[in-house]
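Below you'll find the structure, written out as structure tokens, and then a few comments.
Bear in mind that the values in this text are calculations on the coordinates, not laboratory data. Just so it is clear, the structure is predicted and the values come from calculations on it, not from any experiment. Quick reminder, even Gly has a Cβ in these numbers, built from the backbone with ideal geometry, and neighbours come from all protein chains shown.
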Amino acid sequence: MIENIDSPSDLRKLQISELDIVASEIRDKIIDIVSKTGGHLASSLGAVELTIALHYIFNTPQDKLVWDIGHQCYAHKILTGRRKRFSSLRQYGGISGFPNKTESKYDSFGAGHAGTAIAAALGMMTARDIKKSDEKIVVVVGDGALSSGLAWEGLNNASQIDSDITIIINDNEMSISRSLGAITTYLSKASSGKVYTTVRNEFEKILKGMPVLGETVLKLARKFEVSLKLLSPGLLFEEMGFRYFGPIDGHNLEDLIKILGNVKSLKGPTIVHLLTKKGKGYDHAELDPVKFHGIGKFESKTGKTMKKPESYSAAAGNVLCELFKKDLDSVAISAAMLEGTGIAKLKEQFPKRVFDVGIAEQFAVTFAAGLAASGAYPYVAVYSTFLQRAYDSVIHDVAIQNLPLTLLIDRAGIVGSDGATHQGVFDISYLLPIPNMILMAPADKEELVEMIKITKQIKAPVAIRYPRGEALSLDIKHDKIMIGYASIEREGNDIALFACGAMLKNALEAADILSQKKVSTTVVNLRFIKPIDKKLIIRTATNVKAIVTIEEGSRIGGIGQLISSILAENRLEKPIKIIAIDDKFIPHGEQNLLRSLAGLDANSIVKTALSCLV
């Protein structure tokens, strides 16, 4: 049936009784494609009926759907003209795994980070009112995103602005991991508590068994509705100025369509609270929604994935497990990324010293600052792209006070198929200017482990950036890590390659190729971005004909520009080429392909090096 749906207008031609078939076919399509491409499976499976109901009732794209995070939008993509291209999901040149304004008129606002949708929708709502247009604005936000402060800033302002907006809370008790915090606990207890469900069900039975008594029944129902709100999560939202409906079965299409049809005509801010199951319709994802939240390729019939080698995330988590056994004042913090950052096992072993604070990166860093100010030693494990959200906390709460803690910056550099919202290419540029900050970049697994081991000895804030993917062990010196010192891995007199972190591997491969071309190459493993080893840089630059810097980060404000300024200050006029990420956002695609396109692969480094010697 979905083969005949190329837009929501085609969907609206169907009978309500046919929509369950559409839902089943969409699930089959999502499972089939994601098993081949990887992607956000469980969250999208849980939002299928909701997506169908929204497009069936609302006049999209004139009416605007705003998805929070967007990892639940695969059904939305299939229903909005991208079904034929869905097999290109997250592939270079294909469709994005998140809403993307440049991809479709049905994607009203781009999203890859949690908590943004309500604030963005309020801006869209206000613009609508200023223009005196009449489109509906509908937000879909997961209960996990309600751990984000930005989401609550949006809710607070929605009730103040008091205009027409519908907020759908898609409540599956999960973000990536199980959702945590008082708000999620409140929603869960209120919507699933025995008292609430028993009273509600019994009253519905009574009403159904009564003869039609007109106003008498209506008055009774209204009194019951007021009383029931004392037991339901609606009380909180009603006090904030919303009309609240729910909790509602988010997989019952007939009920969803009726409720959304009624809500559509209401004035003022409205919340519809749905209860859904993450991974719905695929047994493997229902049983293990964390594994199938963001997953690589898998066998769709069995749910089995290929065994992956140890990642840098896992290596970081493993060394922390060792350190926590003897360092009793150490604490680890994650912002809804226990599994992703490799510290889920740490949480199992030390549950009282590992904190998942939900999707609240700013809180995570300031919480860590408070720990450090009181004598504990915190490790904050966070993706590079999400640390951006805590930038003020890093400066104001950590660096200014020179508090000793470690930021474990996972997924630094090119991340791959999640695209522009997730590429971790800005952390060098935004951390380098911060006084007191020490910034390290290990070249392989062994260096990562040693760097984590020494951070507690440093009485200052430390950040360690490392990439997504397999934790490699390179054939390098692995001598003692000393603050601010680089390591020379190869020595030559024609050209010097200054490599940052994971780029050392490609620099060494380039040096081997250059050697075959009779080009003598020095390869420097920088190790420290700040403080950078100025003396070694000057000494090396003096002894070669040209210099190439290699970093998996932004060119602007990066290592290459820093080394160029060091050379200029010391009046060393040598040809220098900077290989880095240009001033543009990186699309989705396979990691090595994107690195090649950015000139970061070994062959591209060779071409750049040779051009310096011409």
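Take the alpha carbon gyration tensor of segment 252-339, find the square roots of its eigenvalues, order them as a ≥ b ≥ c, and report rounded if a/c is under 1.5; if not, report prolate when a/b exceeds b/c, else oblate.
oblate
Pairs 480/607; 456/534; 278/304; 453/530; 545/577; 480/517: which are spaced more than 22 Å apart, C-alpha to C-alpha?
Pairs exceeding 22 Å: 480/607; 456/534; 480/517.
Write down the percent of antiparallel bridges among all DSSP beta bridges whose residues are both part of segment 487-613, to the nearest 5.
Antiparallel: roughly 15 percent of the beta bridges in segment 487-613.
Show me 430-438, 36-44 ranked by packing, highest mean number of other Cβ atoms within 10 Å first.
Going from most to least packed, we get 36-44, 430-438.
Could you work out how far the C-alpha centroid of segment 244-303 sits from that of segment 413-471, in angstrom?
36
Can you divide the C-alpha Rg of the chain by 2.2 N^0.38 Å and report the result to two decimal places?
That works out to 1.07 for the chain.
Considering only DSSP beta bridges with both partners in the chain, what is the antiparallel share in %, to the nearest 5? Walk me through the numbers on the way to the answer.
Numbers: 10 of 67 bridges.
Within the chain, antiparallel bridges account for around 15 percent of the total.
Straight-line reach from residue 13: which lysines fall under 28 Å, measuring Cα to Cα and dropping same-chain residues less than 8 apart?
29, 64, 77, 84, 101, 105, 136, 258, 264, 267, 277, 280
When you count, for each residue, the other Cβ atoms within 10 Å and take the mean per peptide, how do 273-280, 161-168 rank with the highest first? Show your work: numbers first, answer last.
On the way: 273-280: 23.2, 161-168: 20.4.
Taking the mean over residues of other Cβ atoms within 10 Å, the ranking is 273-280, 161-168.
Based on Cα positions only, what radius of gyration and what Dmax would you give for segment 312-465, in angstroms?
13.9, 40
So what is the relative contact order for the chain, in percent, with contacts set as C-alpha pairs under 8 Å and at least six apart?
Relative contact order for the chain comes out at 12 percent.
Between residue 304 and residue 156, what FRET efficiency comes out of the Förster formula 1/(1 + (r/R0)^6) with R0 = 41 Å and r the beta carbon distance, rounded to 0.05?
The value I calculate is 0.35.
Kindly identify segment 487-613 as rounded, prolate or oblate by the Cα gyration tensor criterion: order the square roots of the eigenvalues as a ≥ b ≥ c, call it rounded if a/c is under 1.5, otherwise compare a/b with b/c, prolate if a/b is larger, else oblate.
Oblate, because a/c is 1.5 or more while a/b does not exceed b/c.
Just flag the GluC sites (Glu not before Pro) in segment 239-307 sitting in loop per DSSP whose Cβ has no more than 16 other Cβ atoms within 10 Å. Could the numbers behind the result be given before it?
Numbers: sites: 239, 254, 286, 299; in loops: 299.
Answer in residue order: 299.
Within straight cross-link reach of residue 291, meaning Cα distance under 13 Å, which aspartates and glutamates are found once same-chain residues fewer than 8 apart are removed?
283, 339
Report the net charge of residues surrounding residue 4, where surrounding means a beta-carbon distance below 12 angstrom and charges are Lys +1, Arg +1, Asp -1, Glu -1.
Once all neighbours under 12 Å are counted, the net charge is -3.
Before anything else, pin down the relative contact order of segment 487-613: Cα pairs under 8 Å, at least 6 apart, normalised by residue count, whole percent.
Here the relative contact order equals 28 percent.
For the peptides 407-417, 469-479, 124-134, 546-556, what is the packing order when you average, over each peptide's residues, the other Cβ atoms within 10 Å and list the highest mean first? Mind showing how you got there, number by number?
Values: 407-417: 27.5, 469-479: 14.5, 124-134: 12.5, 546-556: 24.5.
Highest to lowest by the protection proxy: 407-417, 546-556, 469-479, 124-134.
Report, in debye and to the nearest 20, how large the dipole of the chain comes out about its Cα centre when Lys and Arg carry +1 and Asp and Glu carry -1 on their Cβ. Intermediate results must be reported in sequence, preceding the final value.
On the way: 74 positive and 69 negative charges, 89 e Å.
Magnitude of the dipole: close to 420 debye.
Give the Rg (one decimal place) followed by the Dmax (whole number) of segment 1-91, computed from C-alpha coordinates and expressed in Å.
My reading of the Cα-based Rg and Dmax gives 12.2, 35 Å.
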